[in-house]
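The values are calculated or read from the model by the stated rules, or taken from the named source; none is laboratory data. None of these values were measured; they are calculated from a predicted model. Here the Cβ positions follow ideal geometry from the backbone for every residue, glycine too, while neighbour counts run over all protein chains shown.
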Amino acid sequence: MHVTLLRAHPQSAPSMKRVTQAMHHYLPVPCEIRYVSPRPPAILRWRVPAAAIHVLYVLCTQRYLQHLAARLPRCDVLHLVDHSESFLLPVTSANRKVVTCHDLIPLVLENIYRHSLSRQLGRWLYRTTVKHIACADVIITCSRATASDLERLLSIPAQKVKTVYNGVDTGFFTLLPDDLRQRKRETLGFQPHETAILHAGSNAPYKNIPAVLRTVAHLRHSGHPVRWVKAGQSLPAPYQRLARELDIADCIQVEADIDDIRLRDLYQSCDVLLFPSWREGFGLPVLESLACGTPAVIADTPALNEWAGKVCPGAPPSDVPSLAEKVLLSVEESRSPVARARLREFALQFDWRTIARQIAGVYAQE
C-alpha cells in the first residue's frame, strides 16, 4: 500500500503544515506528499469590490488546481489532509480516497458569519467547497464533536466517518527542567513577577480574541502583573483598539509569523495557555502546550471538553471572570514540577507514532 498525502497550498496555516509533515514522517506505510500549487489568475487585475474579488480568485484557483490534480497518477490511497481543499476529491484517481475533516466551524457558528458581506460570501464559498467531502470513501475527524457536525450539517452517513484525534511530536514539544525554563523566560524578556499568558493561533472570529483581551484586563486591573503573548498573527486594528480601551496595550507581546522553534519556546516559557474559542474541531495548540508541561484554560465547548476536559479547566467562552479565575488556579498549580510532568504524561497518549498507526489502520479497513 502506497499513500499520497495531497495538499493544495504549501503556504497554508502552520499547524496544517506540521500535521502534514508529521504524518509523512510517522505513518508506518510508504507515503509521499504531493502539492498542487496555484498561479495568480488574471482576475487579480480586475477592479471589483474586495469581497467579490476574493470569491472570484478562489473559484478560479480551485478550477486551476482541479486541472493539476486530475493529472496526478492513480495511487493506492489518496489522503487529502485538509477538508477545505476537498474540491480536489472529485477529479483525483485512487483506489481509496480519505479526507481529514478538522471542523465545520463556518457552518456551525452561523451568527458570526452574518456580520459582513465578506464573511457571508466566505461562508457560502466554504459550504460550496466542503460538500465534496462526500466524495471520499472515508472521512477522518479529529473529534467526535466534528463527526456529529458532519452527520447533522452535511448528512454524511456515520459509517463513513472515523474519529482519530490529532497528534503531537512529543520529541519536539518537550518539558524543560526548571532552571532551563527560567533562563528561557529571561531570554524572552519575561519579568520574574509577571504571569505570561499565551494565545497561539489565528485571529479568526471563532478564536474569541476579545475574551482573551478582557481576561488579561480583568487580571491586570485586579492587581495581577500579566503579559499577554500573542503568537501566530499580528493583532489587527480592531483588537489593538480594544486593547487600548482596556488599558492593556503596554503588556502585549506580539510574536507574529514565527517558526516552530520559537513557538515551542513560548509554550515552554509561558505560565498558561488561554484558549477560549467559541468552537474548535480539536484545538491543537492546547495539546502542544500540554506536551510542554504548560497548563491550558479552555472554553467549555464540545471538542475541547471531549479530549482535554480531564486535565484542562474550562469556562464558558464569554465568562471573563471565570476564565480569569481558572488562569490563576492553573498558574498556581503549574508551579509544581509534578503537576507539569502530569500534563506532559497526559499528552504522551497523543504522540504522533500512536496516532499515525491509527490513521494507517483506517487506510487498511474495507
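Pairing residues of the range 197-211 that are more than 17 Å from residue 123 (Cα to Cα) and in the same structural domain as residue 122 (by TED's automatic domain parsing) with residues that are in a helix (DSSP H, G or I) and modelled with pLDDT of 95 or more, at Cβ distances under 8 Å and at least 6 apart in sequence or on separate chains, gives no pairs at all.
Which residue is nearest to residue 96 (Cα to Cα), if the candidates are limited to the range 1-36 and must be of a type in the set (Lys, Arg) and free of Cβ contacts under 8 Å to residues at least 40 places away in the same chain? Filtering first and then ranking leaves 34.
Of all residues in the range 160-188, those satisfying the criterion of being assigned to a loop (DSSP other than H, G, I, E, B) and touching a residue at least 12 places away in the same chain (Cβ under 8 Å) are 164, 165, 166, 167, 169, 170, 172, 173, 174, 175, 176, 188. Scanning the range 233-244 for residues that are assigned to a loop (DSSP other than H, G, I, E, B) and either surrounded by 14 or more Cβ atoms within 10 Å (Cβ to Cβ) or over 24 Å from the mean Cα position of the chain (by Cα) (or both) turns up 233, 235. Residues in the range 183-201 that are over 16 Å from residue 329 (Cα atoms) and buried (at least 19 other Cβ atoms within 10 Å of the Cβ): 185, 190, 199, 200, 201. Of 156, 140, all but one fail to be on the phi < 0 side of the Ramachandran plot, in a loop (DSSP other than H, G, I, E, B) and aliphatic (A, V, I, L, M); the exception is 156. Taking first residues from the range 51-66 that are of a type in the set (S, T, N, Q) and partners that are at pLDDT below 70 and not in a helix (DSSP H, G or I), the Cβ contacts under 8 Å between residues at least 6 apart in sequence or on separate chains come to 61/38; 61/41. The residues listed here are 259, 247, 265; of these, the one that is surrounded by fewer than 16 Cβ atoms within 10 Å (Cβ to Cβ) and farther than 20 Å from residue 219 by Cβ is 259. For the range 329-338, the set of residues classified as more than 14 Å from residue 268 (Cα to Cα) and surrounded by fewer than 17 Cβ atoms within 10 Å (Cβ to Cβ) consists of 329, 332, 333, 336, 338, listed by residue number.
For the range 255-333, please list each of the helices (runs of 4 or more DSSP H) lying entirely inside it that holds at least 1 residues being modelled with pLDDT under 95 and on the phi < 0 side of the Ramachandran plot. I'd like the intermediate steps shown before the answer.
Values: elements: 260-269, 284-291, 302-308, 320-333.
Helices (runs of 4 or more DSSP H) meeting the threshold: 320-333.
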